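Undergrad: Below is one structure. I have some questions about it.
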Amino acid sequence: MDYKSVLELILDTDDVTVGGGSASALSGALACGLIGMVCKLSTKKDFGISPESQLEYAKELEELREKLLAGIVDDAKAYGVIINAYKLPKGTEEEKVIRKKAIADAGVVGATAPMENAKLCRRVYDIGEELDGKTNPSCISDIVIGREMAKIGTNGCLMNIEANLPLVKDEEKLEEFNRAIKELKIY
């Protein structure tokens, strides 16, 4: 599975295997493209950040985009882990114990993928904020849309962490996820 096949699943209203986590990571990847384009269109003169720095931001955004494209797939796979855990047999007490542990472990996987994507999306948003008013003014709509998409990506990923928290039984992981939610949220 690659991000293009996940994108097709996101767009398919009959498919229930991919949802908001992958769509949120996609939003962050799209933001990378928009903000990176603005950086490259802001190298003819110094708009408040040197052309060299604009290119450094563009390079970082390209790297973040690639990680988010992989994160789209990671999120879809994490959902599959949860679904598979729920499909485990529960006829005997031993099966119930195994299934319960598998669901709790799957909850960690299900919350980890969007947490990693939220961190990436938040960095994209922060870059957009750092560039505010310091890029080619002809590209203002692109940078604003990019920042908003990064914000949606970040907050959407955080909502997907929250959706998986009821499954997680590991207290340390719960603390880690709750800390990420608090630190990464964009208001």
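Undergrad: So which of Glu183, Glu95, Glu129 ends up being more than 27 Å from Gly36 (Cβ to Cβ), free of Cβ contacts under 8 Å to residues at least 24 places away in the same chain and either in contact with a strand residue (DSSP E or B) (Cβ under 9 Å, 6 or more places away or on another chain) or in a helix (DSSP H, G or I) (or both)?
TA: Selected residue: Glu95, the only one of Glu183, Glu95, Glu129 that is more than 27 Å from Gly36 (Cβ to Cβ), free of Cβ contacts under 8 Å to residues at least 24 places away in the same chain and either in contact with a strand residue (DSSP E or B) (Cβ under 9 Å, 6 or more places away or on another chain) or in a helix (DSSP H, G or I) (or both).
Undergrad: When you check Glu172 against the structure, is it of a type in the set (Asp, Glu), surrounded by fewer than 13 Cβ atoms within 10 Å (Cβ to Cβ) and more than 15 Å from the chain's Cα centre (by Cα), yes or no? It would help to see each step written out before you state the result.
TA: On the way: of a type in the set (Asp, Glu): yes; surrounded by fewer than 13 Cβ atoms within 10 Å (Cβ to Cβ): yes; more than 15 Å from the chain's Cα centre (by Cα): yes.
Taking the combined requirement at face value, the residue satisfies it.
Undergrad: From the list Lys4, Lys44, pick out the single residue that is of a type outside the set (A, V, I, L, M), surrounded by fewer than 22 Cβ atoms within 10 Å (Cβ to Cβ), without any contact (Cβ under 8 Å) to a residue 12 or more places away in the chain and over 22 Å from Met115 (Cβ atoms).
TA: Every option except Lys4 fails the conditions.
Undergrad: Among the numbered criteria (1) buried (at least 16 other Cβ atoms within 10 Å of the Cβ); (2) touching a Leu at 6+ places or on another chain (Cβ under 7 Å); (3) farther than 22 Å from Val144 by Cα; (4) not acidic (Asp, Glu), which single criterion is violated by Ala104?
TA: Condition (1) is where Ala104 drops out.
Undergrad: From the list Ala118, Ala163, which residue is among the small types (Gly, Ala, Ser), crowded, with 18+ Cβ neighbours inside 10 Å and in a helix (DSSP H, G or I)?
TA: Answer to the selection: Ala118.
Undergrad: For Cys139, are the conditions met, namely being touching a residue at least 12 places away in the same chain (Cβ under 8 Å), touching a Cys at 6+ places or on another chain (Cβ under 8 Å) and assigned to a helix (DSSP H, G or I)?
TA: It is false that Cys139 is touching a residue at least 12 places away in the same chain (Cβ under 8 Å), touching a Cys at 6+ places or on another chain (Cβ under 8 Å) and assigned to a helix (DSSP H, G or I).
Undergrad: Shifting gears a bit: Can you find, within the range 128-169, the residue that is farthest from Ala78 (Cα to Cα) among those that are small (Gly, Ala, Ser) and more than 15 Å from the chain's Cα centre (by Cα)?
TA: By that ranking, first place goes to Ser138.
Undergrad: Of all residues being in a helix (DSSP H, G or I) and of a type in the set (Ser, Thr, Tyr) in the range 20-44, which is nearest to the chain's Cα centre (by Cα)? Just the residue, please.
TA: Ser24
Computed from the coordinates by the stated procedures, all read-outs in this text should not be read as laboratory data. Only a predicted model underlies this, so the values are computations on that prediction, with no experimental measurement involved. Heads up, the Cβs are rebuilt from the backbone with ideal geometry, glycines too, and the neighbour counts pull from every protein chain shown.
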